Protein chains: 2
Amino acid sequence: MEHLDQLEREQLWEKIQGALLNEQIDEFRAEFLEMHPYDQAKIFEEQPEETRFLIYTYLSSEEIADVIEQVDEEIVLQYITEMNPAFAAQVLAEMSVDDAVDILNELDKNKVASFLTTMEQDAAEEIKTLLHYEEKTAGSIMTTEFVVIHTEQTVKEAMRHLRKEAPEAETIYYIYVVDKFEHLVGVISLRDLIIAEGDWLISDVMSDRIVSVQVGENQEDIAQMMRDYDFLALPVVDFQDHLLGIITVDDIMDVMDQEASDDYSKLAGVSDMDRADDNAFVSAKKRLPWLIILLFLGLFTASIIGRFEATLDKVAILAIFIPLIAGMAGNTGTQALAVAVRGIATGEIEKQGKWKILMREAATGLITGMSCGFVITVVIYFWQGDIFLGMLVGISIMTTLIAATIAGALVPLVMHRFNVDPAVASGPFITTINDIISVLIYFGLATAFMNLLL
Amino acid sequence: MEHLDQLEREQLWEKIQGALLNEQIDEFRAEFLEMHPYDQAKIFEEQPEETRFLIYTYLSSEEIADVIEQVDEEIVLQYITEMNPAFAAQVLAEMSVDDAVDILNELDKNKVASFLTTMEQDAAEEIKTLLHYEEKTAGSIMTTEFVVIHTEQTVKEAMRHLRKEAPEAETIYYIYVVDKFEHLVGVISLRDLIIAEGDWLISDVMSDRIVSVQVGENQEDIAQMMRDYDFLALPVVDFQDHLLGIITVDDIMDVMDQEASDDYSKLAGVSDMDRADDNAFVSAKKRLPWLIILLFLGLFTASIIGRFEATLDKVAILAIFIPLIAGMAGNTGTQALAVAVRGIATGEIEKQGKWKILMREAATGLITGMSCGFVITVVIYFWQGDIFLGMLVGISIMTTLIAATIAGALVPLVMHRFNVDPAVASGPFITTINDIISVLIYFGLATAFMNLLL
């Protein structure tokens, strides 16, 4: 079986749909459950409400849980709300506890309480433990469904325990080892466990070089760590090293995707990325705050140019190069910004030192500035036949590029210094700052050397 | 053991360094090899050449291979080149075959040939098979170190085979099943294998719902698939369904990181993201191509304004709002661009249809345009006391925002239609296109209604 694309799923669904509508429950179940849960979810998401209600009656709460675990939180919320509440509670209980918690976190408190009292007590307890961890921390993405063994067990006993726990556990490929105080003291991979002899003690075969994270640690740092160390799972502990849960690599891939998307949105000046299925009002509401801020920054730029109205009145041709100079400043600033934000994220800048980075950006600005300045001087000389105008624009571009490149790197570094996420210094923000810098340089030079231009 | 940070690693190294310099080989090896390979690599990278040469003599080729597998390709290249060639060949042979191939791909052909003839034949053969796959395809990131079993084996036989292969295999958590023609026909997770009874046949316990990828498939699509389906490994096959290799989740995390970084760089107009340790000349060389292209696009904008010189001569105050209007066009265009590029990447746009997206962007532009246009009209009226100027700028902003928002979405959609990566429509490119649109609208309107402004 290959990965199904949209078309293949639609064709498959046409086959299955008949069974569903003709109440051929067994046929429907056989065909539907044959698919990977991800494909089940993709098909399920496209169904109208009536069909979804039919599917709720044809599948068990466990089967529905498998499907909706693959769906985006916001949409699952809608499904959970439309289901019969008792059935919804069962579905939540059957889901991976970390996924169930993510959904309950979006509901209001009364609703959560009513679900928790309806569902089976074991599941409710597990969910309650996880509910109070802060968003984007280890606690909020970990699961409590892991396998734990004790130092004094033998390999054979551990394997027996593992076989029993395997169906429920999120992963069985790393097995964590605790001592009699339930402190995390070691880890053994299933790979090493199956190679070991049955009568060996776990304490002799486990690795005590265990890497763990604190329950309050930031999810982005955990993602970085998991990628660096190539782990499939990481144990989460409290301050006394008690094992609280594990984080698996599939959750981390979602985190990485989310974080990359966030950085990208911020660079584009979209505070909270629109979804392609938002309507225009929702999109406009997400984009307007930035646009209004930038509008006022733009007015500030306008008022600066306004101060040079006398210069403009005398040499109107100056105006035609404003977008060029401001645009170049914005472009080079965004480049420097992106490099600095990534450098901070990867820790590369911490290592090199901020001064070295700023000096390097200044030198880069000097080289790019001299190159672009030279090109533009020559072009304007041949185009307008005015060497002084050419030199004015050329020198302005050069100076602007140096200043804008430094600004692009400096702003995120300063933000980082004051513990503000440097990625909020988005592209449009830097661009507008650099508009102001470029206009000041350009009109400042033009006013100073006006007599050469007349 | 917690994740080591920079400071902890430095402290640890101070302890170990003494052993190294005093030629206490055993002490050095004990301390150094106790660390996770990632931390070993971080420390190793910071050493000067003399220290690295000492370390080459103290560790085996296998131990060095473990260290440098954690280092960026470009830097590994330097290490491989500085080592004694015979030792380098051994190190390459000991590395994961996919990592060794990545490095050899960067070397010139003669050098590769000489390494391959020096190294042990088995390793050389494996590397040769992988060397000819194209970059960024499944073939280029897969490994051939996987465990394969046959349909007619029993669970017990399979487990015995697995125990033998485990130390060499990249993962043993999915075991792939082939028939007698070596066609991939099934998969069984280690989880299911250890639960199964020893005398059952593999063909009865394996899953035949196997998802595989073609060897030429794009790595970005594979990453998406692996995330959607939550796989830890994926089998790679040729057109006849012969199993060629496997791709593991750790390689995919690197791909995801790389792709996110690429998209981010392109939005910022940095074709090939600088590294924080590049010098200024290298950085400038990477950024200049974009800047020169944008410089000429900017000249085009200037020539358009030049056509309105007569208008400007009469109403010089028009010039002061050029950066404001052009800037707003650039900002809103970048927002629409980012949303469209992500929407294409996630497949959301394919699902909704391009027309619907464009209509939505047009409506979004209308709402943001009317809001910003209204605000600016009022502000300019109170600031400059000229309602016609206010209305001119307001209407220009409104029209510009609508056009720029549509352009921001349209450009990547058209590129996608013609199979160009939409992410190359970077922020600076859209910004410059929108400069031109905005200037045309603004001066067009100003010229048409000039008599009101005088």
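Read the figures in this text as sums done on the coordinates, not as results from a lab. Computed from a prediction, not measured in an experiment: that's the story for all the values here. Positions of Cβ are generated from backbone atoms using ideal geometry, with glycine treated the same way; all protein chains shown enter the neighbour counts.
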Can you grab the distance from the C-alpha centre of the range B:14-59 to the C-alpha centre of the range B:176-193, Å, no decimals? 42 Å
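If the limit is 28 Å between Cα atoms, which of A:Lys351/B:Lys266; A:Lys136/A:Lys156; B:Lys128/B:Lys286; A:Lys128/A:Lys180; A:Lys356/B:Lys42; B:Lys285/B:Lys354 go over it?
Values: A:Lys351/B:Lys266 25 Å; A:Lys136/A:Lys156 38 Å; B:Lys128/B:Lys286 33 Å; A:Lys128/A:Lys180 25 Å; A:Lys356/B:Lys42 20 Å; B:Lys285/B:Lys354 37 Å.
From the list (A:Lys351/B:Lys266; A:Lys136/A:Lys156; B:Lys128/B:Lys286; A:Lys128/A:Lys180; A:Lys356/B:Lys42; B:Lys285/B:Lys354), the Cα-Cα distance tops 28 Å for A:Lys136/A:Lys156; B:Lys128/B:Lys286; B:Lys285/B:Lys354.
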Interchain or long-range residues, amide H under 5 Å from B:Leu59's placed H: none
If A:Phe87, B:Phe28 are placed from fewest to most neighbouring beta carbons inside 10 Å, the sequence is A:Phe87, B:Phe28
For the range A:6-136, what is the largest minus smallest coordinate of the Cα atoms on each principal axis, given in angstrom and ordered from greatest to least? 44, 28, 22
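Taking only C-alpha pairs under 8 Å that are 6+ residues apart, what is the relative contact order of the range A:153-277 in percent? Working shown, then result.
Numbers: 150 pairs, mean separation 25.8, N = 125.
Once normalised by length, the contact order is 21 percent.
Hey, got the dipole for the protein assembly as shown? About the Cα centre, +1 on K and R Cβ, -1 on D and E Cβ, debye to the nearest 20?
Values: 60 positive and 148 negative charges, 1241 e Å.
Rounded to the nearest 20 debye, it is 5960 debye.
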Using a label point 7 Å beyond Cα on the Cα-Cβ vector, give me the inter-copy distances for B:Val148 in nanometres, one decimal, shortest first. 4.2
Sequence order, the range A:82-96: Karplus ³J(HN,Hα) from phi using 6.51 cos²θ - 1.76 cosθ + 1.60, θ = phi - 60°, Hz rounded, Gly and Pro as x, gives 7, 6, 4, x, 5, 5, 4, 4, 5, 4, 4, 5, 7, 6, 4
Relative to the longest principal axis of chain A, what angle (0 to 90°, nearest 10) does the C-alpha long axis of helix A:155-165 take? 80 degrees
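Could you work out the equivalent-ellipsoid semi-axes for the range A:297-341, taking the square root of 5 times each eigenvalue of the Cα gyration tensor, largest first, in whole Å?
Values: eigenvalues 146, 32, 7 Å².
Equivalent ellipsoid semi-axes, largest first: 27, 13, 6 Å.
Using Cβ counts within 10 Å as a stand-in for footprinting exposure, how do B:Tyr38, A:Tyr442 rank, fewest first?
Details: B:Tyr38 21, A:Tyr442 26.
Ranking B:Tyr38, A:Tyr442 by Cβ neighbours within 10 Å, fewest first, gives B:Tyr38, A:Tyr442.
Which whole number of Å³ per residue matches the convex hull of the alpha-carbon atoms in the range A:280-453?
134 Å³
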Among A:Met159, A:Asn218, A:Val178, the residue whose Cα sits farthest towards the positive end of the charge dipole of the range A:148-254, when +1 is placed on the Cβ of each Lys and Arg and -1 on the Cβ of each Asp and Glu, is A:Met159
In terms of modelled amide H atoms, which long-range or inter-chain residues lie less than 5 Å from the amide H of B:Gly245? B:Val236
Can you compute the modelled spin-label distance between A:Glu46 and A:Met370, with each label point 7 Å from Cα toward Cβ, in nm? 5.9 nm
I'd like the distance separating the alpha-carbon centroids of the range A:372-392 and the range A:64-95, in whole Å. 66 Å
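Which ordering of B:His416, A:His242 is given by a fewest-first count of other beta-carbon atoms within 10 Å? Can you show the working numbers first?
Values: B:His416 21, A:His242 14.
Fewest to most other Cβ atoms nearby, the residues stand as A:His242, B:His416.
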Positive minus negative residues near A:Val185 (Lys, Arg vs Asp, Glu; Cβ under 12 Å): -3
What ³J(HN,Hα) values, in whole Hz, does the Karplus curve 6.51 cos²θ - 1.76 cosθ + 1.60 give for the range A:401-411 when θ = phi - 60°, with x put for Gly and Pro? 5, 5, 5, 5, 5, 4, 4, x, 8, 5, 4
Expressed in angstrom and ordered largest first, the alpha-carbon extents of the range B:148-254 along the principal axes are 41, 27, 24
Towards the positive end of the charge dipole of the range B:6-133, with charges on Cβ (+1 Lys, Arg; -1 Asp, Glu), say which of B:Ser61, B:His36, B:Leu12 has the farthest Cα. B:Ser61
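For chain B, what is the charge dipole size about the Cα centre, in debye to the nearest 20, if Lys and Arg each add +1 at the Cβ and Asp and Glu each add -1 at the Cβ? Spell out each step's value before the answer.
Values: 30 positive and 74 negative charges, 739 e Å.
That gives a dipole near 3540 debye.
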Full-extension gain between A:Leu107 and A:Arg163, please, as 0.36 nm times their residue separation minus the C-alpha to C-alpha distance. 16.6 nm
Report the Cα-based extents of the range A:322-415 along its three principal axes, largest first, to the nearest Å. 50, 21, 15
Given contacts defined as C-alpha pairs under 8 Å and at least six residues apart, what's the relative contact order of the range B:282-453, whole-number percent? 36 percent
With N set to the residue count of the protein assembly as shown, report its C-alpha Rg divided by 2.2 N^0.38 Å to two decimal places. 1.06
In whole percent, what relative contact order does the range B:124-177 give with Cα contacts below 8 Å and a gap of six or more residues? 37 percent
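Kindly provide the helix-only [θ] at 222 nm of chain B, computed as the sum of -39,500 (n - 2.57) over DSSP H runs of four or more divided by all residues, to the nearest 500 deg cm²/dmol?
Only helices count here, giving -21500 deg cm²/dmol.
Return the average number of partner chain Cβ atoms within 10 angstrom of each residue Cβ along peptide B:157-167. Intermediate results must be reported in sequence, preceding the final value.
Details: counts 0, 0, 1, 0, 0, 3, 4, 1, 0, 6, 3.
Whole-number average of other-chain Cβ neighbours for B:157-167 is 2.
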Total charge dipole magnitude, the range B:249-364, about the Cα centre, Cβ charges on Lys, Arg, Asp, Glu only, Debye to nearest 20: 800 debye
Nm distances between the label at B:Ser60 and the same-position labels in the remaining copies, 7 Å along Cα→Cβ, shortest first? 5.0
